[in-house]
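Peer 1: Quick one: the structure is below, questions incoming.
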């Protein structure tokens, strides 16, 4: 048996001294390969003292799933760029940003730059050094708020690489419904990923997000995105915070680990 490890490293990121990425590998058998989830906003995932907003307690959730017999999973936590987060998690190619007041530090959309970092730098680095399965069915990406938006974008841009997307309280409201219609219509070819889309409704921002996720869900339905590849999870009392996303991640993880009876 190989003991659990949490590794940290810096990878080159444009206009920075490097971006921290951490990889949690649970205890596993020697030679065993595990499914992997790439997760955004890495500062908010592991420890309470790393974020003023609390954390998702990912380590505990992953271990609980393993103890319940769901299997192990590798977590790749990618830090955000701090004050640049709103820019780097907002893709330009979806369309014009129409709701910038929801983002304090937004100046320009650079989501494609972050997307390239994940796919061209983080994924090859992880696949070369950690015991991850490389097939798309064993590879997921997820995040919350702007991280949920970026995960949705990256997962659909690279639907040949990701078998599941977790979009928690995604910032879909930043684009018009026409922009979503145009962009999503271009993503309907090939093998499509499983979509897990969550929203709450417990505060003003989450109410806006709930409304926008419903609009995007209607677009997906009109484009005939397969019903069996979408889970829509709404918890009306939940607010826009880490506590809600921790709860959501546990459900997302169970669904991911259950795909194809893994």
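What follows draws every value from the coordinates through simple rules; no lab data is involved. For clarity, every value in this text was computed on a predicted model and none was experimentally measured. Please note: Cβ atoms are built from the backbone with ideal geometry, for glycine as well, and neighbour counts cover all protein chains shown.
Peer 1: Cα-based Rg (one decimal) and Dmax (whole number) for region 93-170, in Å?
Peer 2: Over region 93-170's Cα set, Rg and Dmax evaluate to 13.7, 42 Å.
Peer 1: Same structure again: If I fit a long axis through the Cα atoms of helix 204-222 and take the longest principal axis of the Cα atoms of the chain, what angle between them do I get, 0 to 90°, rounded to 10?
Peer 2: 90 degrees
Peer 1: Could I ask something else about it? Would you calculate a helix-derived [θ] at 222 nm for the chain, using -39,500 (n - 2.57) for each DSSP H run of n ≥ 4 and dividing by the full residue count, to the nearest 500?
Peer 2: One gets -9500 deg cm²/dmol as the mean residue ellipticity at 222 nm.
Peer 1: Output needed: percent of Cα pairs per 10 Å distance bin for the chain, bins running from 0 to the one holding the longest distance.
Peer 2: Taking every Cα pair in the chain, the percentages come to 7, 33, 39, 19, 3, 0.
Peer 1: What list do you get for 116, 22, 85, 186 if you sort them by fewest beta carbons within 10 Å?
Peer 2: Least to most surrounded, the residues fall as 186, 116, 22, 85.
Peer 1: Now a separate question. Sort 46, 130, 172 so that the residue with the fewest other Cβ atoms within 10 Å of its own Cβ comes first and the one with the most comes last.
Peer 2: Least crowded to most crowded, the residues run 130, 46, 172.
Peer 1: Beyond 15 Å, what share of the Cα-Cα pairs of region 179-261 is found? Please give it as a whole percent.
Peer 2: Tail of the P(r) past 15 Å holds 62 percent of the pairs.
Peer 1: Tell me the angle of helix 58-67 to the major Cα principal axis of the chain, expressed in degrees between 0 and 90 and rounded to the nearest ten.
Peer 2: Value to nearest ten degrees: 60.
Peer 1: Please give the length that would be gained between residue 63 and residue 211 if that part of the chain were fully extended, namely 0.36 nm times their separation in residues minus their C-alpha to C-alpha distance (nm, one decimal).
Peer 2: Stretched out fully, the residue 63 to residue 211 stretch lengthens by 49.9 nm.
Peer 1: Considering only C-alpha atoms, what is the centroid distance from region 225-262 to region 128-157, in Å?
Peer 2: If you average the Cα positions of each part, the centres end up 14 Å apart.
Peer 1: Compute the long axis of helix 146-157 from its Cα atoms, compare it with the longest principal axis of the Cα atoms of the chain, and write down the angle in degrees, 0 to 90, nearest 10.
Peer 2: With rounding to tens, the tilt is 80 degrees.
Peer 1: Starting from one equal scatterer on each C-alpha and no solvent at all, send me the Debye-based log10 I(q)/I(0) for region 147-190 at q = 0.19 Å⁻¹, two decimals.
Peer 2: For region 147-190, the Cα-only Debye profile gives -0.59.
Peer 1: Need the full-extension length gain, residue 232 to residue 128, defined as separation in residues times 0.36 nm minus the C-alpha distance. One decimal, nm.
Peer 2: The residue 232-residue 128 span can extend by a further 34.0 nm.
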